[in-house]
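The values are calculated or read from the model by the stated rules, or taken from the named source; none is laboratory data. As the structure is a computational prediction, the values presented were derived from the model and not from experiment. Every residue, glycine as well, gets a Cβ built from its backbone with ideal geometry; the counts of neighbours run over all protein chains shown. Heavy atoms of the whole protein, side chains included, go into the accessibility calculation; ligands, DNA and RNA do not. Shrake-Rupley method; radii C 1.70, N 1.55, O 1.52, S 1.80 Å.
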Amino acid sequence: MSEISYNQAGQTENGRRLHAIVRAALSLGIWMVLAAQITLVFSLNWRVRADASPGVSVWEILPIAAVLTVFLYLQAGAFHALARGRNSVSVIDVLRAGKSVFADFVWLSLKACLLFFLIMNVLLYLALIVSGKDLKVLIDMLSQFFSLMISVLSFMLVYWLPFVFVQREFRLLPGLRAALKIAWLRLASSAFLALLVFLPTIISHLLPTKSPWWVDLMLSVIGGLMGWIAYIYCVERLQEQTKNPVRLGSV
C-alpha cells in the first residue's frame with residue numbers, strides 16, 4: 001500500500017474529506033474495480049440493445065457470469081483492503097484481500113438482493129391497492145423515479161458496507177440496523193456524503209435521454225469514484241470510532 005500522510009486528515013472534517021478523495025484517486029485497485037464495473041455494465045447494455053428477444057443462450061450467460069464473478073471478487077477485495085488501513089490500495093492488495101472475504105461477501109450480497117426484491121414487491125403490491133392503477137402503468141410511472149429511490153436508499157445505508165468490513169459483521173440484519181443508526185446519528189454532518197451520493201443522479205437526470213456513449217462512460221467513472229470516496233470516508237470515521245471504549249458492534 002502506498003503511504004499517505006494522515007496527520008492532518010484525522011484532525012479536521014475537511015482533512016477527512018480531502019484524505020478520502022486523495023486516497024481514492026491514488027488507489028490503483030479502485031480503478032481496476034471501476035474498469036471491471038464499467039465492462040460489466042456496458043456488456044449488459046450491449047446485450048439488451050443488440051437482442052430484444054426473451055431467449056438467452058448459455059454462450060451469452062457464461063461471459064456475463066464470469067465478468068460478474070470477477071467484479072464481485074475485486075469489489076470484495078477492495079472493500080476489505082480499504083478497511084484494513086488508511087493508505088491507498090494497489091492491484092495486488094485487492095487481489096490478495098479478496099480471498100478471505102469473497103464467499104462471505106457473495107452470500108451477504110445474495111441475502112441483501114433477496115431482501116430488497118421482497119420489500120420492493122410488497123411496496124409495489126401496496127401501491128397497486130392504494131392507487132388502483134394498472135400494473136404496467138404503475139411500473140412505468142415509478143421507473144421515472146427509480147434512480148432517485150436508489151440514491152435515497154444508498155444514502156440511508158451509506159455506512160452499511162463500511163460497517164460490515166470494519167467490524168467484519170457479515171450478518172445482514174444486524175449490519176443494516178447498525179448502519180441505519182449510525183447514519184441517523186450523523187445526519188447533521190452528512191452533507192459531504194449526500195453530495196457524493198446524489199450528484200451523479202442529478203447530473204444523469206439533467207443530461208439528454210440519448211447521450212453519446214462517452215458521456216455515459218464519463219458519468220459512470222465519476223459516479224463510481226464518488227461512491228468509493230464515500231466508502232473510504234465512512235470507513236475512516238468508523239475506524240476512528242473503534243478507538244473509543246464504546247464498540248460499534250454494540251449498536
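Computed values, structure above
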{"item": "Filter pass, residue 194 being out of contact with any Cys (no Cβ under 9 Å at 6 or more places or on another chain), open to solvent by less than 50 Å² (accessible area, probe 1.4 Å) and in contact (Cβ under 8 Å) with a residue 60 or more places away in the chain", "result": "no"}
{"item": "Some residue of region 112-124 being of a type in the set (S, T, N, Q) and open to solvent by 60 Å² or more (accessible area, probe 1.4 Å)", "result": "yes"}
{"item": "Filter result for the condition that a residue is in contact (Cβ under 8 Å) with a residue 60 or more places away in the chain, in contact with a Cys (Cβ under 6 Å, 6 or more places away or on another chain) and open to solvent by less than 40 Å² (accessible area, probe 1.4 Å), over 159, 231", "result": "159"}
{"item": "Residue in region 162-188 that is least open to solvent (accessible area, probe 1.4 Å), counting only those that are touching a Phe, Trp or Tyr at 6+ places or on another chain (Cβ under 8 Å) and farther than 25 Å from residue 201 by Cβ", "result": "178"}
{"item": "Flag for residue 241 being loosely packed, with under 13 Cβ neighbours inside 10 Å, more than 24 Å from residue 31 (Cβ to Cβ) and of a type in the set (S, T, N, Q)", "result": "no"}
{"item": "Qualifying residue in region 204-220 (condition: within 16 Å of the chain's Cα centre (by Cα) and either surrounded by 19 or more Cβ atoms within 10 Å (Cβ to Cβ) or in a helix (DSSP H, G or I) (or both))", "result": "yes"}
